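Below you'll find the structure, written out as structure tokens, and then a few comments.
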Amino acid sequence: MKSAFRWVAAATLVLCSSASAWPADLANEHQAKLIKNVDAYSARMSEVALQIWSAPELGYLETKTSALLQAELKAAGFAIETGVAGMPTAFVARAGTSDGPVIAILAEIDALPGLSQAATPERKPIANANQDAGHACGHHLFGAGAVAAAIAVKAWLEETGTKGQGRVYGTPAEEGGGGKVYMVRAGLYKDVDVTLYWHPADANNASQDRNLANTSAKFRFRGQAAHAAAAPDRGRSALDGVEAMNFMVNYMREHVPQDVRIHYVITNGGAAPNVVPEFAESYYYVRHPDPRVVADVFERIKKAAEGAALGTGTTVDYEMINGVYSTLPNDVLGRLMDANLRRVGAPAWTGEEMSFAEKLAKTLAGRNLPPLSSASEIRPYRFNGQKYSSTDSGDVSWVTPLATLNTATWVPGTSAHTWQATAAGGTSIGIKGAVVAAKTLALTVAQLTASPELIAAAKAEFDKSRGPGFVYKPLIGGRPPPLDYRKTSSGSVADPG
Ligand SMILES: [Zn+2]
Ligand SMILES: [Zn+2]
């Protein structure tokens, strides 16, 4: 372990002093092969991404999207295992040899309800059957870009006779369904050495940050209905149970670790004031950077619910809705990804793309928007910054070293989950960002596959970050994947990150 860390320090020095000469750099001809392989597939990648963008599918309902990505991988010679971990749209695709490192790339695929939009710089929803879904988080690019990278790596493995396996994990329902958590729980990452992914964004960077672990659950109180004026003594109010629980939890806020976030809404508080509510429901989130703190605080919230039921003469049970770990960042992998991103370079926009961006930027709210020119720059590398969002990639990062990458697929200043993100993602701006991501991922996967010492260094850091004796326990417990969480027409958005 000691020597691995010495190596990291040396690599850092090298990076600062010159752009070349990583100890485990791929030879230029190998890099050129990988770039060429992505370029050879990029026209098809664009078709695949735009086809998915045109027919957006919500979490766990990504039937056509998943089938299309699987078909691309199958045509390129990957072996496909589909319907894994009890999720019909989840898959694992494998290529290469079984006697080398196993590097996985994640592919998210789901869209968001209510964010349909044409590829225009002004608001123009397009009606569709799936709750007016749209790819406002860019997962059509995410999935197609991951597939492009994997296909390029497979060709390189064969061209060079390098031993190792490249995989694509088709991970459904990132937007609240927690698909990756079920894949981790099913042990699908057990033999993976390193996992990489990317995410569409409004800027280019390979920074590796922490975020928040998150658990969400619905608490359901049951009491006794009665006439609220004529026979209140015969009633037991389920709403009283909800309110007593909230009261206790709000006092608890003073006595929880710094950075705990607790939020709730009352999703059912009864139907009429003159009826003692026999049913009431609240929906809670608990977040903190450390998943173990989230689990502890959630146990105390359960106690508050039990106490509330006891005191109000009601009963309570709860359903775990979602639970994700925070992301454990990896500096060794982050620096590799950053170096490769700088090799590939930021996307370059044409005059036509720039004028689309200028028009769209006029619709963005807020002050201090980044300049449009920032889409053609790469931000400085940052490690271990604190973000206050949550994602199901977090669980993956506690069972295998994980690193991410952002590329500019949206106009600078665009937030995820907006119509502006859907719009740019349907144009060549989105495609160019995905090509940069595919090349960066392909170079990084290949570099790792060819360099056992890099994998060893990433794993040493990973072991140290997790701490000794770590055992992965999913925050969702034993619940099955919520395959129908998007099937309601009420637009129920369980856990949007
Ligand atoms: Zn999202
Ligand atoms: Zn996303």
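Electrostatic tally near Ala424: other residues with Cβ closer than 10 Å to its Cβ, Lys and Arg +1, Asp and Glu -1, net -2.
Report summary: the helix-based calculation at 222 nm, which adds -39500 (n - 2.57) for every DSSP H run with n ≥ 4 and divides by the residues of the chain, gives -13000 deg cm²/dmol.
Residue-normalised convex hull volume from the C-alpha trace of the chain: 156 Å³ per residue. Need one number: % antiparallel among DSSP beta bridges in the chain, to the nearest 5. Beta bridges within the chain, antiparallel portion: roughly 70 percent. The alpha-carbon of Lys33 sits under 17 angstrom from the alpha-carbons of these lysines, leaving out residues fewer than 8 places away in its chain: Lys154, Lys163, Lys439. Taking only the C-alpha atoms of the range 373-497, the Rg (one decimal) and the largest Cα-Cα distance, Dmax (whole number), read 18.4, 51 Å. For the range 46-87, a Kirkwood radius taken over Cα pairs fed into Stokes-Einstein (10 °C, viscosity 1.306 mPa s) yields D = 142 µm²/s. The range 245-320 has equivalent-ellipsoid semi-axes of 25, 12, 11 Å, by the square roots of 5 times the alpha carbon gyration tensor eigenvalues, sorted largest first. In this view, the solvent-accessible surface of Met248, computed with a 1.4 Å probe and all protein chains in place, comes to about 70 Å². Residues His255, His139 ordered from highest to lowest accessible area at a 1.4 Å probe: His255, His139.
The packing ranking of peptides 368-376, 341-349, highest mean first, is 341-349, 368-376, where packing means the average number of other beta carbon atoms within 10 angstrom of each residue. The share of accessible area on the chain that comes from carbon and sulfur is 55 percent, using a 1.4 angstrom probe.
Note on the range 349-399 and the range 161-227: Cα centroid distance 21 Å, given to the nearest whole angstrom. Each Cα pair under 8 Å and six or more residues apart adds its separation to the average, and for the range 192-308 the resulting relative contact order is 34 percent. Rounded to the nearest 10 degrees, the inclination of helix 238-252 to the longest alpha-carbon principal axis of the chain is 60 degrees.
For the range 331-420, the alpha carbon convex hull comes to 127 Å³ per residue, rounded to a whole number. Listed by chain and number, the lysines whose alpha-carbon sits under 26 Å from that of Lys302, ignoring those within fewer than 8 places in the same chain, are Lys180, Lys218, Lys473. Could you give log10 I(q)/I(0) at q = 0.20 Å⁻¹ for the range 86-177, computed by the Debye formula over C-alpha point scatterers of equal weight, without solvent? Calculated log10 I(q)/I(0) at the listed q: -0.92. Solvent-accessible surface of the chain, averaged per residue with a 1.4 angstrom probe and all protein chains in place: 40 square angstrom.
The values are calculated or read from the model by the stated rules, or taken from the named source; none is laboratory data. Treat the numbers as computed from the prediction; the structure is a model and nothing was measured. Every residue, glycine as well, gets a Cβ built from its backbone with ideal geometry; the counts of neighbours run over all protein chains shown. Keep in mind that these areas ignore ligands, DNA and RNA; they rest on the heavy atoms of the full protein, side chains included. Shrake-Rupley method; radii C 1.70, N 1.55, O 1.52, S 1.80 Å.
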